[in-house]
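Heads up: the structure comes next, in C-alpha cells.
None of the figures in this text is laboratory data; all of them are computed from the coordinates on show. Predicted model, so just to flag it, every value in this text is computed and none were measured. Methodologically, a virtual Cβ is constructed for each residue, glycine included, from the backbone with ideal geometry; neighbour enumeration extends over all protein chains shown.
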Amino acid sequence: MTVSQPSAVEIGLMSGRAGYVLRANDRGAFTVASPTLYPHMWSWDAGFVALGIATVSVPRALNELRSLLSGQWATGMIPHILFHEPSDYFPGPERWRTQVAAARPAGVLTSGICQPPIHVIALSRILHDARRKGGADQELAEEFVRETFDQWLAWHSYLATARDPYSYGLVEIHHGWESGMDDSPRWDSPYANVHPQPDMPPFVRADLAHVADPSQRPTDAEYARYLWLLEQKVRTRYDDTAYRATGDFVVGDVLVSALLAAASDLLADMGEELGIGGGTAGGVEQSRAIARRFRTGVLRSVDPRTGLARDLDLRTGQWLDVESAAGFAPLVCGGDEALTRRQRDLLLGPRWCGHSRLRWPVMPSVSPASPAFREQTYWRGPQWPVLNWLMAWALNRSGEPEAANQLRLAGLSQLIDCDFAEYYQPVTGETLGSRDQSWTAAIALDFLAARRPAQRRPVRWLTSELPRITPAQRDAHRDAPRDAHQPSAVPHTGHVAGHRPPHGRGPATTPQPQQRPS
Ligand code: 2M8
C-alpha cells in the first residue's frame with residue numbers, strides 16, 4: 001500500500017488539534033498521559049510528550065522533563081508514575097505504599113517501578129529543535145542539559161547496575177509494566193510463574209470504567225498478577241536485590257536495553273558537545289561504557305533464524321521467542337549494519353508493516369503473522385503510534401531516511417481523523433483505548449514538523465567489544481551443573497563459570513571485563 005503526503009489543510013487541522021489536546025492535558029508543570037484513563041504523569045509518556053511539545057515551545061518541553069526529574073529516587077530510578085493530584089486511578093499511591101522505601105523522593109508521590117528510558121532520546125531531539133531555533137531557546141536547552149546531565153546519568157547508571165548486577169547487558173525488569181507493553185505475549189511465559197497469594201489485599205479495577213469495551217484491556221487474571229508483583233515490590237521495600245531473591249518475575253528486556261544503549265550514546269554526545277561530563281566523574285566515558293554493554297547484550301540476544309532480538313527470562317534461563325515489536329531492538333541501538341538492513345527489510349515486509357491485512361502500513365505491537373497476534377487486545381497486536389515513531393526514529397538514525405519516511409507518512413495517515421487514540425485496531429483502523437492520548441498527539445506534532453534527521457552518527461560495531469570466551473571457559477560452562485534458576489540459554493556470555501550470583505538466581509558465571517574498542 002502506498003500512502004501520500006497529507007495535504008496542507010490536513011496538516012493545519014492535525015497540528016492545531018494535536019496542540020489543543022496537549023494544551024487540554026497540560027496541568028501546569030506536567031501533562032497527564034490522558035484526560036480520563038491516565039490522569040497522572042507517566043515516565044515514558046512524558047518523554048514523548050516533551051519532544052512533541054518542543055516543536056511548539058522549547059521552554060515548556062524542558063519543564064516537562066524537569067517535572068519528571070522531580071520524582072527521581074535517590075537510587076537514580078525515574079518512577080513510572082508521578083501522582084501530582086488525587087484521582088480515581090488504580091493502583092494509586094495508597095496501593096504503591098512507597099513510604100516503605102528509603103530512596104523515594106520528597107514532595108511528590110510516585111509508583112515504585114520504572115519504564116523504558118526514552119527521555120534522553122527526547123532531550124537530544126529537543127536540543128536539536130532548540131538549536132534550529134537558536135537564541136533564547138538554544139541557550140535554555142543547553143543550560144538544561146548542563147544542569148541535568150548528572151541526573152540522566154544517574155538514571156542510566158541505576159539501570160546499568162541495580163538492574164544488571166551480573167553485567168549480562170540486558171536490563172532486568174521486575175514487572176511487565178516496566179516494559180511499557182503491559183500484557184504483551186512477550187511476558188506470557190514469565191507471568192505463568194507469577195502466583196498471586198491469598199494474603200494479597202483485595203482490589204477493584206478502575207480502568208474498565210474508562211473504555212468502551214473491556215476486551216480492549218488486560219483481563220482480571222492478568223491484573224491480579226500485576227498487583228501481586230506490586231505487592232512483592234512493597235514487601236521487599238523496593239530494594240532491587242531483595243526483590244531479585246524472592247520476586248516471581250525477573251526478565252531481561254531487550255527493548256529497554258536498546259533504548260538505554262541509544263540514550264547513553266546520545267547523553268555522551270551531548271556531554272562532549274557541551275564540554276560536560278568529562279571531569280573527574282567521567283560521565284561521558286561512563287555513558288559510552290553503558291552504551292557498549294547494552295548494545296552487546298541486545299545483539300547477543302538475536303535469534304539468527306528470525307533476525308529478531310529476544311527477551312531472556314532470568315528465572316528459567318529461557319529466551320522468549322515472540323514476534324513482538326521489541327524484536328527490533330537492534331534497529332534502535334544499532335551496531336551491526338547487516339542486521340540493521342535485515343531488520344529494515346523485515347519491518348517493511350509482509351510479516352510486519354507490509355502485512356496484507358493491515359489498514360495502515362504502521363508498526364503493529366505483534367506481527368499479524370504470529371499465532372500470538374490478537375487484533376483488539378491491548379499490547380497483543382494493536383498499533384501504538386509511539387512505537388511506529390520509535391521505529392521511524394531508529395531508521396533515520398541508521399541512515400535509512402526513505403524507510404523512515406514511509407513509516408512517518410503511514411503514521412500520519414493513521415492519525416488523520418485527529419482522535420489521537422491510545423492505540424489502533426490494526427486491521428480495521430478503529431481507534432481503541434483512551435482518546436486524546438498525550439503521547440499520540442505529541443508524535444503527530446513531531447511527524448508533522450518533519451525535521452531533517454540530525455547528522456547521521458553511525459554506531460560502528462567493533463568486534464573487539466564482544467566479550468571473549470576462551471575454549472576452556474566454554475567447556476567449563478558446558479560442564480557446569482545446571483539448576484532450575486540457571487539460564488541455559490546464555491551460552492555466549494563471555495563469562496567465567498563457577499561464580500554463582502547470590503540466591504541461586506542467574507547464570508553460574510561472572511562477567512569478563514569488557515575490552516575497550518580499538
Ligand atoms: C499503559 O500502562 C498503564 C500502567 O502503567 C496501565 O495500563 O494502567 C501502557 O500502555 C504504558 O506503556 C503507558 O505508559 C501507560 C500510560 O499511557 O498506559
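Using label points projected 7 Å from each Cα along Cα→Cβ, tell me how many nm separate Leu140 and Gln99, to one decimal.
Roughly 3.8 nm, to one decimal.
Send over the semi-axes of the range 142-279's equivalent ellipsoid, whole angstrom and largest first, taken as the square roots of 5 times the C-alpha gyration tensor eigenvalues. Intermediate results must be reported in sequence, preceding the final value.
Details: eigenvalues 228, 67, 39 Å².
The equivalent ellipsoid of the range 142-279 has semi-axes of 34, 18, 14 Å.
Report, to one decimal in Å, the Kirkwood hydrodynamic radius for the range 350-441 based on all distinct Cα pairs.
Values: mean 1/r = 0.0771 Å⁻¹.
Result for the range 350-441, one decimal place: 13.0 Å.
If I take R0 = 56 Å and measure r between the Cβ atoms of Asp213 and Glu285 in this structure, what FRET efficiency does the formula 1/(1 + (r/R0)^6) give, to the nearest 0.05? Provide the component values of the computation, followed by the final result.
On the way: r = 51 Å, r/R0 = 0.91.
That pair, Asp213 with Glu285, gives E of 0.65.
Taking the beta-carbon count within 10 Å as an exposure proxy, list Ile113, Ile443, Ile78 from fewest neighbours to most.
Values: Ile113 22, Ile443 29, Ile78 25.
Arranged by neighbour count, lowest to highest, Ile113, Ile443, Ile78 become Ile113, Ile78, Ile443.
Gap in Å between the Cα centre of the range 344-422 and the Cα centre of the range 130-174?
27 Å
Output the relative contact order of the chain, whole-number percent, from Cα pairs under 8 angstrom with separation of 6+ residues. Each step should come with its number before you reach the end.
Details: 999 pairs, mean separation 85.9, N = 518.
Result for the chain is 17 percent.
I want to check the label-to-label distance for Asp345 and Glu272. Put each point 7 Å from Cα in the C-beta direction and report it in nm to one decimal.
Output for this residue pair reads 3.1 nm.
Suppose R0 equals 30 Å; then what is the FRET efficiency for Thr241 and Ala29 from their Cβ-Cβ distance, rounded to the nearest 0.05? Before the final figure, lay out the partial values.
Details: r = 34 Å, r/R0 = 1.13.
Taking R0 as 30 Å, the efficiency between Thr241 and Ala29 is 0.35.
What is the percent of Cα-Cα separations in the chain that go past 39 Å?
Values: 24333 of 133903 pairs.
Above the 39 Å cut-off, the chain has 18 percent of its Cα pairs.
Just need the relative contact order of the range 219-362 here, percent rounded to a whole number, with Cα pairs under 8 Å and 6+ apart.
Details: 165 pairs, mean separation 29.7, N = 144.
With pairs under 8 Å counted, the relative contact order is 21 percent.
I want to check the label-to-label distance for Arg357 and Ala372. Put each point 7 Å from Cα in the C-beta direction and report it in nm to one decimal.
So the two model labels end up 1.6 nm from each other.
Mind checking the full-extension length gain between Ala450 and Phe203? Use 0.36 nm per residue of separation minus the Cα-Cα distance, one decimal, nm.
Extra length available between Ala450 and Phe203 comes to 84.4 nm.
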